[in-house]
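Engineer: Got a structure here, written out as structure tokens. Questions coming.
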Amino acid sequence: MNIKIITIHCIHNFGSVFQSYGLVQYLRNQGFDAELIDYRPAYYSKGRNVVKKMLGIGLNYFAYKRQHQRYEQFINTYLPKGKIYRTIKELRELDTENCIFIAGGDQIWNSFHPCGKDDAYKLTFVKDRKKIAYGTSMGRNSFAKEELENLSRKIADFYSIGLREQSTVTMLQPYTQVPVYHAADPVLLLDKRDYMPFIGKKAIIKEPYLVMYLADKSSLLSQTVEYIAKKMSLKVVHVCGFRKKCECDYFLKDTGPKDLLNLIYYSDFIVSASFHATIFSVLFNKQFCTLLPEAGTNTRIEDALSYFGLSDRIIHNENEIVRLDKPIDFGNVNKLKDKLVEQSKERLNAEIEKIR
């Protein structure tokens, strides 16, 4: 059975490439001929602040070039895909394909981002076809009634909808006749050992360290990093963009997806505002804390950590930093994770078999 997946796979973002890999590789492991639809709309190359982005690249050209090459190599080597499509009009040629279509992973239904307003991610370019959603994220739980009604109309011909956030399941279900269920993020469909070929047997950093990834510059970030580093006698490895967000011992500007996975796996502690850094911390049983990112995307982190019983790992203010003195006991966390993953695999496999 041929399966085509539309998701956000081609931007140079750690979580995007690995959630794309997780879903397509899981399906291939099940014996399906699965590939990504190589959809690259113009708004991905533009970003939110083009001038700021170009200035950062200009000042850090060689680091940017190395990072760019590492992401492109990963995308071209490990993400199976066909021809490139730039517009939803071009995607309509796929309406003749005899296959199952999956809208999968990432925040493709979060209207806070351009992709959430793009009907390509609702598979409207194929009519009367076999469509499901898996691990799809709405990113937040504050949608207006009109938004939910509009979304429901566009996905009315789906066979089923697996949403990444548990809270959005109960939010969307009243607006659609399509069955909606809670699904594990695609990176969790693979086991820790499946990621070891990317991680490698040697740590990039040879001494005990804390990795800080993707958090915004703030007094809270600085105090959190300083507290943990002193408490655990760790070096600070700073990984995110070209501007320093906090004091550090290593400032890595050119990390690709493999590098970042290596840094997370071998770290002693992780401080991030990244959903997928948080999820990999759970998968690898790493000690971590999360500082919430911009409004409009927080639900995905809050929802996941609530499900795993780890809401206290979200640090909202300086008074909560002392929570981190108590290490995470991953015994119950792993039971919850394994249960969700097993249920998600069974449901995904059953939906595909039903369509077949």
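Engineer: Mind listing just one residue for me: the one in region 305-356 that is within 23 Å of Val225 (Cα to Cα) and of a type in the set (Val, Ile, Thr) and, of those, surrounded by the fewest Cβ atoms within 10 Å (Cβ to Cβ)?
Structural biologist: Residue satisfying both the conditions and the ranking: Val322.
Engineer: Okay, moving on. Taking region 177-196, which residues are surrounded by fewer than 18 Cβ atoms within 10 Å (Cβ to Cβ), within 12 Å of Tyr265 (Cα to Cα) and either touching a residue at least 60 places away in the same chain (Cβ under 8 Å) or among the charged types (D, E, K, R) (or both)?
Structural biologist: Lys192, Arg193, listed by residue number.
Engineer: To continue, here is another question. Quickly run through region 54-88 and pick out the residues that are over 21 Å from Tyr43 (Cα atoms) and hydroxyl-bearing (Ser, Thr, Tyr).
Structural biologist: Correct list: Tyr61, Thr77, Tyr78.
Engineer: In addition: Being among the hydroxyl-bearing types (Ser, Thr, Tyr) and more than 30 Å from Ala183 (Cβ to Cβ) is the requirement here; does Tyr250 meet it? Steps first, answer last, please.
Structural biologist: On the way: among the hydroxyl-bearing types (Ser, Thr, Tyr): yes; more than 30 Å from Ala183 (Cβ to Cβ): yes.
Taking the combined requirement at face value, the residue satisfies it.
Engineer: Within region 222-250, work out how many residues are under 18 Å from Ala63 (Cβ atoms), open to solvent by 60 Å² or more (accessible area, probe 1.4 Å) and not acidic (Asp, Glu).
Structural biologist: The first filter runs over region 222-250 and keeps only residues under 18 Å from Ala63 (Cβ atoms), leaving 237-245, 248-250.
Narrowing further to those that are open to solvent by 60 Å² or more (accessible area, probe 1.4 Å): 243-244, 249-250.
Cutting the leftovers down to not acidic (Asp, Glu) gives us 243-244, 250.
Counting residues in region 222-250 that are under 18 Å from Ala63 (Cβ atoms), open to solvent by 60 Å² or more (accessible area, probe 1.4 Å) and not acidic (Asp, Glu) gives 3.
Engineer: Starting from region 258-279, take each residue that is over 20 Å from Lys206 (Cβ atoms) and list its partners that are surrounded by fewer than 24 Cβ atoms within 10 Å (Cβ to Cβ) and acidic (Asp, Glu), counting only C-beta distances under 9 angstrom and pairs at least six apart or across chains.
Structural biologist: Listed pairs, sorted by first residue: Ala273/Asp216; Ala273/Glu294.
Engineer: Can you confirm whether Cys246 is within 25 Å of His316 (Cα to Cα), in contact (Cβ under 8 Å) with a residue 24 or more places away in the chain and in contact with a Ser or Thr (Cβ under 7 Å, 6 or more places away or on another chain)?
Structural biologist: Numbers: within 25 Å of His316 (Cα to Cα): yes; in contact (Cβ under 8 Å) with a residue 24 or more places away in the chain: yes; in contact with a Ser or Thr (Cβ under 7 Å, 6 or more places away or on another chain): yes.
Criteria met by Cys246.
Engineer: Scan region 187-201 for residues that are under 12 Å from Phe284 (Cα atoms) and among the aromatic types (Phe, Trp, Tyr) and jot them down.
Structural biologist: Residue satisfying the conditions is Tyr195 alone.
Engineer: Output the strands (runs of 3 or more DSSP E) that fall wholly within region 196-289 and possess 1 or more residues being of a type in the set (S, T, N, Q), or say none. Write out each step before concluding.
Structural biologist: Details: elements: 209-213, 235-239, 269-272.
Qualifying strands (runs of 3 or more DSSP E): 269-272.
Engineer: I would also like to ask the following. Just checking, which of Tyr121, Tyr134 is assigned to a helix (DSSP H, G or I) and buried (at least 20 other Cβ atoms within 10 Å of the Cβ)? Reasoning before the result, please.
Structural biologist: Values: Tyr134 fails: assigned to a helix (DSSP H, G or I).
The unique qualifying residue is Tyr121.
Engineer: Among the residues that make up region 88-99, is at least one of them closer than 20 Å to Gly15 by Cβ and not aromatic (Phe, Trp, Tyr)?
Structural biologist: Here is the first cut: in region 88-99, the ones closer than 20 Å to Gly15 by Cβ are none.
No, region 88-99 has no match at all.
Engineer: Can I ask one more? Only residues in region 333-356 that are in contact (Cβ under 8 Å) with a residue 12 or more places away in the chain count as the first member; pair them with residues that are surrounded by fewer than 14 Cβ atoms within 10 Å (Cβ to Cβ) and not in a helix (DSSP H, G or I), Cβ under 6 angstrom, at least 6 apart or cross-chain, and list the lot.
Structural biologist: So the pair list comes out empty.
Engineer: Which count do you get for residues in region 117-148 that are without any contact (Cβ under 8 Å) to a residue 12 or more places away in the chain and within 21 Å of Ile102 (Cβ to Cβ)?
Structural biologist: 1
Engineer: State whether one or more residues within region 204-219 are among the charged types (D, E, K, R) and touching a residue at least 60 places away in the same chain (Cβ under 8 Å). Give the derivation first.
Structural biologist: Step one: of region 204-219, the residues among the charged types (D, E, K, R) are 206-207, 216-217.
From what is left, the residues that are touching a residue at least 60 places away in the same chain (Cβ under 8 Å) are 216.
Checked region 204-219: at least one residue is among the charged types (D, E, K, R) and touching a residue at least 60 places away in the same chain (Cβ under 8 Å).
Engineer: Please give the number of the condition Ile199 fails out of (1) open to solvent by 50 Å² or more (accessible area, probe 1.4 Å); (2) under 25 Å from Thr290 (Cβ atoms).
Structural biologist: (1)
Engineer: I'm checking my understanding of the structure. Among residues of region 149-167 that are touching a residue at least 60 places away in the same chain (Cβ under 8 Å) and open to solvent by less than 60 Å² (accessible area, probe 1.4 Å), which one is nearest to Ser16 (Cα to Cα)? Working first, answer last.
Structural biologist: We begin by selecting, within region 149-167, every residue touching a residue at least 60 places away in the same chain (Cβ under 8 Å); these are 159-160, 162, 164-167.
Adding the requirement that they be open to solvent by less than 60 Å² (accessible area, probe 1.4 Å) leaves 160, 162, 164-165, 167.
Numbers: Ser160: 22, Gly162: 18, Arg164: 14, Glu165: 16, Ser167: 22 Å.
Once the filter is applied, the top-ranked residue is Arg164.
The values are calculated or read from the model by the stated rules, or taken from the named source; none is laboratory data. Bear in mind the structure is a predicted one, so any value in this text is a computation, not a measurement. Every residue, glycine among them, receives a Cβ derived from its backbone with ideal geometry; neighbour counts consider all protein chains shown. All accessible areas refer to the heavy atoms of the entire protein, side chains included, with ligands and DNA or RNA removed. Shrake-Rupley method; radii C 1.70, N 1.55, O 1.52, S 1.80 Å.
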